[in-house]
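Engineer: A single structure is presented below for examination.
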Amino acid sequence: MAQPPMQLGVEAIERLYRESRFLDAYALFRDLEPPESWSDTSARLIAGRTLENLGASRRAYRLHLATWRRDRTNPAALYYHALGFGDRHGPVEGLRLLDECRPDTSTKPPASRHDAHLRMLRARWLATLRDFRTAHAWLDSVEDSFADDPWGHVEKACVLEREDRYLDALASAEHALVLRPGYRPGTGMAAHLLILLNRDAEAERILRERMAATQCASLARQLAMLLVENEAHHEALTVLDLVSKRWPLAEAPAREWLDARRADCHHLLGNTHEAVSHARKVSGLYYQHFVRQLESAPEAPRRRLAVSFVRQHHVTCVPATIAAVSSFWGCPINQDEMARTITYDGTPDHEERHWLEARGWLVREFRVTWETAVALIARGVPFT
């Protein structure tokens, strides 16, 4: 017989959640009445957070939404609802939600931890909209009150990343790990920033350490993508199996993500049958075309040019691309220098060509067809 929800012990679930032992946390309430039937706000919120980490993000969002509607004055309920709402509707609608539900000013100290987290969330969304001055004002309003809160330093790292200040962002993420060693969000953010800084080996090390010490799918997922990027496809498949085990409640989007990544790995390993089998389970035109291509030319040769990764800054896709291609030829161009000269809300084609020709590069404009693409790659010539 199912026990009343409050007998399950909210504090025990929160402790396991804090340790990223999500499977163990779920074991405490999976045989009870579903959390949608519970009355206690704190119990509903921690159940929703646990469900999200087990692959049931849609169910978690619905549970958090319903919890906020039942308890609109609770800042924690608003915070967890706002997180999911912003992911679905974007920062403008997220800020509008906060303005409507909890008008606030950054001149008063936050009343609680979740009041502080709501201000940090505002800062992140404002930074996404490039309003860095206001974003930092919101962060500054909680810095003294919650300086020992590791989540605040992760949110600060998010703001700094959007400013293209990767080293400063990494320092903030690492400070979160000093405050709470092994902190899952801090680990994920630090690994992400290390990858942006082309420090893949360091990112892989910290992801492996925490993945082994937790029941966290998100860190395993992050590691799997890094392994794919570095063409360690066999090991990536092993890590994807671990993600699947840590997503026992995986909904359709999570299952399709796993099948898409497995299809990619098997394709790059030359396992055409397995690649097609997984790709058929993925909705959307891309993987439908992927299946047709593999079935029509299963033994087609593959060639990859060793063009290095260059992280673009805000609307600097052209300078970053040029930086990557020029590095391939041993004459690297600094994307910041190029962007300062010719980029404003994008980079016009004619300015790009003129800038390169003025610095001694030979530029040719051509129509990209299948034939020209194959011919250039066969000759070892990357193109934009």
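Rule-based calculations on the coordinates, nothing more; no lab input. All values reported here derive from a predicted model rather than from experimental measurement. Every residue, glycine among them, receives a Cβ derived from its backbone with ideal geometry; neighbour counts consider all protein chains shown.
Engineer: Find the all-direction average of the projected area of the Cα convex hull for segment 319-384, expressing the result in square nanometres with one decimal place.
Structural biologist: Here the figure is 4.7 nm², rounded to one decimal.
Engineer: Further question on the same structure: Cut-off 10 angstrom, C-alpha nodes, Gaussian network model of the chain. Which of Leu179, Leu32, Leu194 fluctuates the most?
Structural biologist: Looking only at Leu179, Leu32, Leu194, the biggest GNM fluctuation is shown by Leu32.
Engineer: Mind putting a number on the dipole of the chain about its Cα centre? Charges go on the C-beta only, +1 for Lys and Arg and -1 for Asp and Glu, and I need it in Debye to the nearest 20.
Structural biologist: Numbers: 50 positive and 52 negative charges, 127 e Å.
In debye, rounded to 20, the chain gives about 620.
Engineer: Roughly what % of Cα-Cα distances in the chain sit above 30 Å, to the whole percent?
Structural biologist: Cα-Cα pairs of the chain separated by over 30 Å account for 52 percent.
Engineer: Which residue, Leu362, Leu193, Leu177, tops the fluctuation ranking in a GNM of the chain built on C-alpha contacts under 10 Å?
Structural biologist: Leu362
Engineer: Comparing Gly188, Gly270, Gly55, which has the greatest mean-square fluctuation in the GNM of the chain with Cα pairs linked when under 10 Å apart?
Structural biologist: Comparing Gly188, Gly270, Gly55 in the GNM, the peak value goes to Gly270.
Engineer: Which angle between 0 and 90 degrees, to the nearest 10, do you get for helix 150-162 versus the longest principal axis of the chain when only C-alpha atoms count?
Structural biologist: So the inclination is approximately 30 degrees.
Engineer: A further question on this structure: Output ³J(HN,Hα) for segment 47-59: one whole-Hz value per residue in order, computed from phi by the Karplus curve 6.51 cos²θ - 1.76 cosθ + 1.60 with θ = phi - 60°, and x for Gly and Pro.
Structural biologist: Result, ordered by residue: 5, x, 5, 5, 4, 4, 6, 9, x, 9, 5, 5, 5 Hz.
Engineer: Next question. Between Ile342 and Thr41, what FRET efficiency follows from the Cβ-Cβ distance if R0 is 45 Å, with the result rounded to 0.05?
Structural biologist: So, using R0 = 45 Å, E works out to roughly 0.25.
Engineer: Let me ask something else. What are the residues whose amide H is under 5 Å from the amide H of Arg21, where those residues sit 5 or more places off or on another chain and H is modelled from the backbone?
Structural biologist: Gln215
Engineer: Here is a follow-up. Taking the Cα of Asp200, stepping 7 Å toward and past its beta carbon, and measuring to each backbone N in segment 208-240: which are under 14 Å?
Structural biologist: The answer is 223-236, whose backbone nitrogens lie closer than 14 Å to the label point.
Engineer: Next question. Taking +1 at the Cβ of each Lys and Arg and -1 at the Cβ of each Asp and Glu, which of Ala320, Ala297, Ala116 sits farthest along the dipole of the chain towards its positive end, judged by Cα position relative to the Cα centre?
Structural biologist: Most positive-ward Cα: Ala297.
Engineer: Taking the chain as the reference, fit the longest principal axis to its C-alpha atoms, fit the long axis of helix 184-196 to the helix C-alpha atoms, and give the angle between the two in degrees, 0 to 90, nearest 10.
Structural biologist: Taking Cα atoms only, the helix is inclined about 10 degrees.
Engineer: For the chain, what does the helix formula give at 222 nm: sum of -39500 (n - 2.57) over DSSP H segments with n ≥ 4, over the residue count, nearest 500 deg cm²/dmol?
Structural biologist: Numbers: 21 runs with 251 residues, N = 384.
So the calculated ellipticity at 222 nm is -20500 deg cm²/dmol.
Engineer: Also: Treating cross-link reach as a plain straight distance, find the lysines whose alpha-carbon is under 27 Å from the alpha-carbon of Lys281, omitting any fewer than eight places away in the same chain.
Structural biologist: Lys245
Engineer: If you add up the charges near Val228, with Lys and Arg at +1 and Asp and Glu at -1, over every other residue whose beta carbon is less than 9 angstrom from its beta carbon, what do you get?
Structural biologist: Taking every other residue near Val228 into account, the sum is -2.
Engineer: For the peptides 73-86, 282-295, what is the packing order when you average, over each peptide's residues, the other Cβ atoms within 10 Å and list the highest mean first?
Structural biologist: 73-86, 282-295
Engineer: Next up: Please pull out the direction-averaged projected area of segment 62-104, using the convex hull of its alpha-carbon atoms, in nm² to one decimal place.
Structural biologist: Details: hull surface 10.8 nm².
Reported value for the Cα convex hull: 2.7 nm².
Engineer: In units of 2.2 N^0.38 Å, what is the alpha-carbon radius of gyration of segment 204-322? List each step's numbers first, then the result.
Structural biologist: Numbers: Rg = 16.1 Å, N = 119, 2.2 N^0.38 = 13.5 Å.
Ratio of Rg to 2.2 N^0.38 Å for segment 204-322: 1.19.
Engineer: For Thr369 and Ser308, what does the FRET efficiency come to when R0 = 35 Å and r is the distance between their Cβ atoms, rounded to the nearest 0.05?
Structural biologist: Numbers: r = 26 Å, r/R0 = 0.75.
Calculated value: 0.85.
Engineer: Given N residues in segment 257-384, what is its alpha carbon radius of gyration divided by 2.2 N^0.38 Å? Write down the numbers at each step before the final one.
Structural biologist: Working: Rg = 18.3 Å, N = 128, 2.2 N^0.38 = 13.9 Å.
With N residues counted in segment 257-384, Rg over 2.2 N^0.38 Å equals 1.32.
Engineer: Which FRET efficiency, nearest 0.05, do Leu269 and Trp329 yield, Cβ-Cβ r, R0 30 Å?
Structural biologist: Efficiency computed from Cβ-Cβ geometry: 0.50.
Engineer: With θ taken as phi - 60° and the coefficients 6.51, -1.76 and 1.60, list the Karplus ³J(HN,Hα) couplings across segment 220-231 in order, rounded to whole Hz; mark glycine and proline as x.
Structural biologist: Going residue by residue, I get 5, 4, 4, 5, 4, 5, 5, 5, 4, 4, 9, 6 Hz, with x marking Gly and Pro.
Engineer: Expressed in nm², what is the orientationally averaged projection area of the convex hull enclosing the Cα positions of segment 229-290? Walk me through the numbers on the way to the answer.
Structural biologist: Values: hull surface 16.6 nm².
Computing the convex hull of the Cα atoms and averaging its projections yields 4.2 nm².
Engineer: Same structure again: For Asp87, put the label point 7 Å out on the Cα→Cβ axis and report which residues of segment 37-54 keep their amide N under 11 Å from it.
Structural biologist: From segment 37-54, the list is 49-54.
Engineer: Per residue of segment 331-344, what does 6.51 cos²θ - 1.76 cosθ + 1.60 with θ = phi - 60° give for ³J(HN,Hα)? Whole Hz please, x for Gly and Pro, Karplus curve as stated.
Structural biologist: Residue by residue, segment 331-344 yields 10, x, 10, 7, 5, 5, 4, 5, 5, 4, 8, 10, 9, 8 Hz.
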